[in-house]
1. Which pairs turn up if I take residues in the range 124-142 that are in a loop (DSSP other than H, G, I, E, B) and look for partners that are of a type in the set (A, V, I, L, M, F, W, C) and surrounded by fewer than 19 Cβ atoms within 10 Å (Cβ to Cβ) with beta carbon separation below 8 Å, at least 6 apart in sequence or on another chain?
2. Please work out if Asp90 is closer than 14 Å to Ile71 by Cα, out of contact with any Ser or Thr (no Cβ under 7 Å at 6 or more places or on another chain) and open to solvent by 20 Å² or more (accessible area, probe 1.4 Å).
3. Need the failing condition index for Ala107 against (1) within 16 Å of Met22 (Cβ to Cβ); (2) out of contact with any Lys or Arg (no Cβ under 6 Å at 6 or more places or on another chain); (3) open to solvent by less than 60 Å² (accessible area, probe 1.4 Å); (4) modelled with pLDDT under 80, just the number.
4. What are the residue pairs meeting all of these: first residue in the range 194-206, first residue over 7 Å from Ala234 (Cβ atoms), second residue open to solvent by 70 Å² or more (accessible area, probe 1.4 Å) and in a helix (DSSP H, G or I), Cβ atoms under 6 Å, and 6 or more apart or on different chains?
5. Of all the residues that make up the range 202-216, how many are farther than 14 Å from Lys183 by Cα and either among the small types (Gly, Ala, Ser) or at pLDDT below 70 (or both)?
6. Which condition does Ala333 not pass, out of (1) among the small types (Gly, Ala, Ser); (2) surrounded by 10 or more Cβ atoms within 10 Å (Cβ to Cβ); (3) modelled with pLDDT under 60, if it passes all the others?
7. In the set Gln157, Gln186, which member is out of contact with any Phe, Trp or Tyr (no Cβ under 7 Å at 6 or more places or on another chain), more than 18 Å from Ala229 (Cα to Cα) and polar (S, T, N, Q)?
8. I need the full set of residues from the range 168-179 which are over 14 Å from Ala223 (Cβ atoms) and in contact (Cβ under 8 Å) with a residue 12 or more places away in the chain, in order please.
Amino acid sequence: MSSNLKKMKGPWREAKSKLLPMQRVLLTLNKALMLMHSGKIDDAKQVLEAVKEEGGKEGGQAWWRVAMLEIAIKMQDDKSRTSSYSPNADLAALLERVRTEAPSADAEKTVGTALAQVLVYQGDLHEAASVLESIASLQGYPAHAATLASLYARLGQKDKSAAVFDKALASFPPFLPPSFKIKLLQGAAAVRTAQGDHAGAANVLKRLLSGGEDVKEELESDARLRAVAALVVATSWVDVGEAEFLAQKELPAVHLEEGLDAEALEAHGLPRRRSSLAGLRRTSLPTSAAGAAAGGGGGGAPQEQEQEQRQPKKKNPEAIKRRRARARAAYLAELAAAGKYDAARPGPPPDPERWIAKSQRSYNKRGKKGRSRFVGAQGSGDGAQKDTARLDVASRVAAEKKKGGGELEKGGATGGAGGVKMAGGRRRKK
C-alpha cells in the first residue's frame, strides 16, 4: 500500500488541474482511504480536513462519503489505541439523514449495507436483517434476497427465509434484467428444497420453465435442462407418475444396460478405489503380523506370494542392450533406404562433449583470451595492488632513500657532481 501511495503522488498532482471539483474530492477521498489502510491515521485525518475545506463545510455533494470515511477512521484509530468505539449509532444517524438529504440511491445502499455488516459482525442478526429489508433501492436484487434468506435461516425463521424470495419476485422492478428474475426463482426453489417443501419447489420450477418470453430467451439450454431435472426430482416426492411423464417428455433418453437390477445396486455398497499407498502399507507388514491379523498362525506363505507377485521384476541389462542394438540397426536401415545414410562412409563420430554447453567446451577458443585476467574476490586484482603500493608511504620513502644513496655512491666513485638529491630526481648544489 505504501508503494502505491508513492506511485500515485505524481498522477495526483497532474490530475488535480484537469478534473472537475467533484472528481477532485473523490480522488482525495480515495487517497485518505489508502492512507487509513496503510496505518497512517493522522495523515488520513489531515487529508479528510482538506477535503472538507475544498468541498465546503462537509465536503459538498460528497458529504455522506466524508462522514463514512470519518467513521471508518475512528474504527481504525480505535484498533490502534484499544478504546471502546461502536459505530452503530453514528451509522444509524447517517442512514436516517441520507434518506432525507442524499442526492442518489447509492448513498442509502452504501450506508445501509455498512451498518448491516457491522451488526452482523457484532452478532445482532435480527437488527441486520431489519436494516437490509428497509433499504428500498435493493429490492429485487438476488444478492440482497440471498443475504436476507441466509440471515433468517441462521435465526431459525424458515418461513421468512422462503418469503424473502416471494416478496422480491412480487415487487420485481421492471428496469432490472431478466437474469435477476431467473436467479430469484432458482433461489426460491433451492430454499424450499432445503426445507423439504418439494411441492412448493416444484411450483416455483414450473413457474420458471413457463415464464415469459424474456425469461425463456435468457434461460440457456444447460440452465433449462438443470431446471427440468430439478423439477423431476421435486415432483417425484409428490407424484411419481407425473415425474416419469416429465422425464420421458423433457429429459433426453438414457439407455441402460440389460440385466441391471436397480434394487441390487442400491443395496450394494459404494465402490471404493484401492489406494496404492494402502497396498504398500499392507505389504510392508511382517508376515507373522499379517497372518495374525488374518486370524491364523501360519498364514504367512500366501502373504509372501502375494508380495512377490506385486514386486516389479528386475530388467535384464543384456536384454536391454540387445533391444537397443536391434532398434539402432532398424533405424540405420531406414535411413539407408531413404538415401540419408551410407555404411561405407558413416561420417565423423559423435562429439564426446555434446552434453556440455558450447561456451564451456575445450575446442571453443572464442572468449578465452582474457578469461583468467580477473580471478579472485572483488578488489583483489592488479589495480588494487597498485593502489595499495601507492598508499604505502613507508615503503615508498624507503625506496627513495635506497635509490638516492645508490646514486650518491655512484657519483662519488666516478667523480661526478656532488649535491643533495631533491624530489623529482633533481639535485641541489651545495
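The values are calculated or read from the model by the stated rules, or taken from the named source; none is laboratory data. In this text, all values refer to a predicted model and were calculated from it rather than measured experimentally. Counting neighbours? That spans all protein chains shown, and the Cβs are built from the backbone with ideal geometry, glycine included. Heads up: the accessible areas ignore ligands, DNA and RNA and are worked out on the full protein's heavy atoms, side chains in. Shrake-Rupley method; radii C 1.70, N 1.55, O 1.52, S 1.80 Å.
1. Gly140/Phe172; Gly140/Leu176; Gly140/Phe180; Tyr141/Leu176; Tyr141/Phe180
2. Here the answer is yes, as Asp90 does meet what is asked.
3. (4)
4. Gln195/Lys158
5. Total meeting the criteria: 4.
6. Unmet for Ala333, out of (1) among the small types (Gly, Ala, Ser); (2) surrounded by 10 or more Cβ atoms within 10 Å (Cβ to Cβ); (3) modelled with pLDDT under 60: (3).
7. Being out of contact with any Phe, Trp or Tyr (no Cβ under 7 Å at 6 or more places or on another chain), more than 18 Å from Ala229 (Cα to Cα) and polar (S, T, N, Q) holds for just one of Gln157, Gln186, which is Gln157.
8. Ala168, Leu169, Ser171, Phe172, Pro173, Leu176, Pro177
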